[in-house]
Amino acid sequence: MIVRSRHGARRSFGVVIICLLGLAQPAAALGLAGCLPDQARSVETDLRRAKRLTLDAAVAVGDTPDYVRWFGDYTPKNAEIVRANLKAVVVAIRSGAIRVECQAERAAGCTQREYAWVYPGQPYVLRLCPAFFGLPTLHALSPGAQHSDHGTREGTIVHELSHFTRVAGTEDYCYSRTLCKLMAQRDTRRAIINADSYQYFTEDVTYYARKPLADKPPPAAQGD
Ligand SMILES: [Zn+2]
């Protein structure tokens, strides 16, 4: 099965889920392979930020418009599943066991401008394609910025980590904000195990939810 999204192509076949484009060069940092030095630095920052944002998102799970937008009608049982899955992403990052592999431009899994991909049964190897490094970071966007279907680095990390069977075992039932909003209305059962739904919920209840602050520095200047 080949699924295309507005922000890249992601493929799923059997137990392999390829989601989201390196020049091979060993990185000094533990758990990083094939990454250029600047890529390695940014990935470490992105992971740290993704951890905090996902924890915030877990706390924000409730009977709210954001929840309903991405996961459908609220029920305590479904909310508990969503909260547990978000916490599992946090646990995965906290474990320190994530191994990032920066992939080459034409590497398998990165030939259609994908951003990243994983084997769900191979925790926690996160393959990043060159296009990942062209994504904005959530922190770099202006507070209150218009939602983008192109995603963010932190959101992409949430998406990918959620695929690991050991984490949340999510699937790719839909891609893009438009299609995943529709799916939440029509199929709650799938929405709560759909990777993009977790990405967008996390983006919405954390950074995108913030109002522009007058006379105050943007969140990006406030550290991680
Ligand atoms: Zn995916």
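Could you list, in sequence order, the residues of segment 168-209 that are assigned to a loop (DSSP other than H, G, I, E, B) and more than 14 Å from the ligand (Cβ to nearest atom)? Write out each step before concluding.
Initially, segment 168-209 is screened for residues assigned to a loop (DSSP other than H, G, I, E, B), giving 168-170, 172-176, 187, 192-193, 206-209.
Passing the criteria: ASP187, ILE192, THR206, TYR207, TYR208, ALA209.
Is it the case, given these coordinates, that GLY151 is farther than 22 Å from LYS77 by Cα and either assigned to a loop (DSSP other than H, G, I, E, B) or among the charged types (D, E, K, R) (or both)? Break it down stepwise before answering.
On the way: farther than 22 Å from LYS77 by Cα: yes; either assigned to a loop (DSSP other than H, G, I, E, B) or among the charged types (D, E, K, R) (or both): yes.
So GLY151 passes the test.
Within segment 176-198, can you find the residues that are closer than 23 Å to ALA92 by Cα, touching a strand residue (DSSP E or B) at 6+ places or on another chain (Cβ under 9 Å) and not charged (D, E, K, R)?
The initial filter retains those residues of segment 176-198 that are closer than 23 Å to ALA92 by Cα, namely 190-198.
Filter again for touching a strand residue (DSSP E or B) at 6+ places or on another chain (Cβ under 9 Å), leaving 190, 193-196.
Correct list: ILE193, ASN194, ALA195.
Mind counting the residues in segment 41-90 that are within 17 Å of GLU160 (Cα to Cα), surrounded by fewer than 16 Cβ atoms within 10 Å (Cβ to Cβ) and of a type in the set (A, V, I, L, M)?
Residues that pass the stated criteria total 1.
Hey, among the residues in segment 118-131 that are within 13 Å of the ligand (Cβ to nearest atom) and not in a loop (DSSP other than H, G, I, E, B), which one's surrounded by the most Cβ atoms within 10 Å (Cβ to Cβ)?
Step one: list which residues in segment 118-131 are within 13 Å of the ligand (Cβ to nearest atom), which gives 118-120, 126-127, 129.
Narrowing the set further to residues that are not in a loop (DSSP other than H, G, I, E, B) leaves 118, 126-127.
Working: VAL118: 26, LEU126: 26, ARG127: 28.
Per the criteria, the residue is ARG127.
Could you say which residue among HIS147, HIS139, HIS159 is under 14 Å from LEU47 (Cβ atoms) and at pLDDT below 90? It would help to see each step written out before you state the result.
Numbers: HIS147 fails: under 14 Å from LEU47 (Cβ atoms); HIS159 fails: at pLDDT below 90.
Every option except HIS139 fails the conditions.
The values are calculated or read from the model by the stated rules, or taken from the named source; none is laboratory data. None of these values were measured; they are calculated from a predicted model. Note that we place each Cβ from the backbone using ideal geometry, even for glycine, and neighbour counts take in every protein chain shown.
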